[in-house]
Every structure is written in structure tokens, then in C-alpha cells.
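J.: One structure coming up, written as C-alpha cells, with questions to follow.
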Amino acid sequence: MHRDQSPRRAPSAPEPVSPLFLDLDLMHDEFTRLPVRAEFRFDPGTPGVITVGFPAQRGPDCAWRIGRELLHQGLTSMGGCGDVRMWPALRREDEQPSSWLLLESEEMEALFEVPVAPLARWLDATYRVVPAEAEWDGLDWDGFLAALLADPGTPSA
């Protein structure tokens with residue numbers, strides 16, 4: 001190596017963010033809450049998406065992929081539309097802040113009460129690893145569009 005050249009350093013891999021395990025309340029009906037353990041996972045390779053896993057007592061576990069921005073927004077205001085929505089719960093001053101997380105599909109609908117503080121801290125850690133403005137930097141838009149246009153699929157009626 002020439003003395004005027006500095007060694008090239010490989011870009012460092014993002015620090016991993018440990019999964020977050022949260023105890024949520026599943027609203028069975030207006031008066032019945034069922035405790036549910038949820039696992040929130042962050043992958044720096046797909047930073048715009050958080051995987052939320054719900055272990056099942058019987059059968060396969062259930063996992064939802066939810067936009068990180070939607071979760072972040074839902075801590076303080078209404079976020080999302082369609083299948084996934086999140087908004088702050090109305091609470092008394094002496095209660096811990098929480099948000100409602102609504103997950104809907106053709107087969108089911110589930111409303112969870114989510115504690116705000118631990119989720120906010122964990123989301124902040126994910127934003128330190130990959131800032132919001134860098135979420136889409138590594139995406140191959142040309143490849144995505146080429147694949148999308150190559151197989152338009154069957155038209156629906």
C-alpha cells in the first residue's frame with residue numbers, strides 16, 4: 001500500500017436490537033381482558049418492518065409484519081389504516097400510558113392494549129440503528145419494479 005493511501009474499512013454491520021417481549025391485554029369483549037405475550041423483532045435489513053409474534057397455545061404461532069412508522073405514530077396519535085391500526089388509549093392521569101393495536105384479517109380481529117413506555121424505548125433503539133430517513137436506502141427499486149412488471153398476474157374481476 002502506498003503511504004498516501006488510507007486503508008479501506010468495511011462498513012460496520014448495524015448493532016442488533018434484542019427482541020422486545022411485552023405482555024399485552026387482548027380484549028376478548030368489553031369487560032374481559034386476556035393476557036398475551038408478544039415478541040417484537042427488528043431486522044436492520046428490513047428496517048421499515050417490525051415482526052410481532054404471538055405464541056400459540058395450540059397450533060402454529062401467529063406473526064404480523066407491521067410498519068415501524070405505524071407503531072411509532074400509534075404511540076401518540078392515530079396510525080395506520082386497513083388491517084393494522086394503532087392509537088393512544090384514553091387513560092386517567094394515575095394510569096400508565098397505553099395504546100390500542102387493532103389487527104384485522106378475513107379470519108379474525110384482535111384488539112390489544114399495548115404499554116407505551118417499553119415499546120417507545122425499544123423503537124427508539126431501532127431508530128438509533130437505522131434512522132427513519134435511511135429505511136429505504138438499501139432497497140433495490142429497479143429490481144422490485146422489474147419483477148413487478150415481468151409477471152403482472154391474473155387480472156381480477
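The values are calculated or read from the model by the stated rules, or taken from the named source; none is laboratory data. As the structure is a computational prediction, the values presented were derived from the model and not from experiment. All Cβ positions, glycine included, derive from the backbone under ideal geometry; neighbour counts span all protein chains shown.
J.: For the stretch 75-112, enumerate the residues that are crowded, with 16+ Cβ neighbours inside 10 Å and free of Cβ contacts under 8 Å to residues at least 40 places away in the same chain.
T.: Those that are crowded, with 16+ Cβ neighbours inside 10 Å and free of Cβ contacts under 8 Å to residues at least 40 places away in the same chain: GLY79, GLY80, VAL84, ARG85, MET86, TRP87, PRO88, SER98, SER99, TRP100, LEU102, LEU103.
J.: Counting just the residues of the stretch 41-71 that are over 15 Å from MET86 (Cβ atoms), part of a strand (DSSP E or B) and not basic (Lys, Arg), which one comes out nearest to the chain's Cα centre (by Cα)? Explain how you work it out, then say what you get.
T.: Step one: of the stretch 41-71, the residues over 15 Å from MET86 (Cβ atoms) are 41-48, 51, 53-63.
Add one more test, that the residue is part of a strand (DSSP E or B), and what stays is 41-42, 51, 53-54, 62-63.
Filter again for not basic (Lys, Arg), leaving 42, 51, 53-54, 62-63.
Working: PHE42: 7, THR51: 5, GLY53: 10, PHE54: 13, CYS62: 14, ALA63: 11 Å.
Filtering the stretch 41-71 for residues that are over 15 Å from MET86 (Cβ atoms), part of a strand (DSSP E or B) and not basic (Lys, Arg), the one nearest to the chain's Cα centre (by Cα) comes out as THR51.
J.: Let me spell it out: the conditions are (1) over 18 Å from GLU104 (Cβ atoms); (2) exposed (fewer than 15 other Cβ atoms within 10 Å of the Cβ); (3) of a type outside the set (Phe, Trp, Tyr), and ARG68 meets all of them except one. Which number is the exception?
T.: Answer for ARG68: the failing condition is (2).
J.: Still on this structure, please answer the following. Within the stretch 106-117, count every residue that is assigned to a strand (DSSP E or B) and under 19 Å from ARG65 (Cβ atoms). Working first, answer last.
T.: First pass over the stretch 106-117, keeping only residues assigned to a strand (DSSP E or B): 109-115.
Subset that is under 19 Å from ARG65 (Cβ atoms): 109-112, 114.
Matching residues across the stretch 106-117 total 5.
J.: Which residues, counting only those in the stretch 72-105, are assigned to a loop (DSSP other than H, G, I, E, B), within 21 Å of HIS28 (Cβ to Cβ) and among the acidic types (Asp, Glu)?
T.: Across the stretch 72-105, the qualifying residues are ASP83, GLU95.
J.: Then there's this: Quick check on the stretch 2-14. Is at least one of its residues within 21 Å of ALA125 (Cβ to Cβ), loosely packed, with under 10 Cβ neighbours inside 10 Å and either modelled with pLDDT of 95 or more or not small (Gly, Ala, Ser) (or both)?
T.: From the stretch 2-14, those within 21 Å of ALA125 (Cβ to Cβ) are 11-14; that's our starting set.
Filter again for loosely packed, with under 10 Cβ neighbours inside 10 Å, leaving 11-13.
With the extra rule that they be either modelled with pLDDT of 95 or more or not small (Gly, Ala, Ser) (or both), the set shrinks to 11.
Yes, the conditions are met somewhere in the stretch 2-14.
J.: Using the structure shown, decide if GLU133 is modelled with pLDDT of 85 or more, within 21 Å of the chain's Cα centre (by Cα) and loosely packed, with under 15 Cβ neighbours inside 10 Å.
T.: On the way: modelled with pLDDT of 85 or more: no; within 21 Å of the chain's Cα centre (by Cα): yes; loosely packed, with under 15 Cβ neighbours inside 10 Å: yes.
No: the conditions fail for GLU133.
J.: What do you reckon, is ASP140 modelled with pLDDT under 90 and out of contact with any Cys (no Cβ under 8 Å at 6 or more places or on another chain)? Let's see the steps before the verdict.
T.: On the way: modelled with pLDDT under 90: yes; out of contact with any Cys (no Cβ under 8 Å at 6 or more places or on another chain): yes.
So ASP140 passes the test.
J.: Restrict the check to the stretch 15-38 and report whether at least one residue is among the aliphatic types (A, V, I, L, M), at pLDDT below 90 and over 11 Å from the mean Cα position of the chain (by Cα).
T.: Going residue by residue through the stretch 15-38, those that are among the aliphatic types (A, V, I, L, M) are 17, 20, 22, 24, 26-27, 34, 36, 38.
So of that shortlist, the ones also at pLDDT below 90 come out as none.
No, because not a single residue in the stretch 15-38 is among the aliphatic types (A, V, I, L, M), at pLDDT below 90 and over 11 Å from the mean Cα position of the chain (by Cα).
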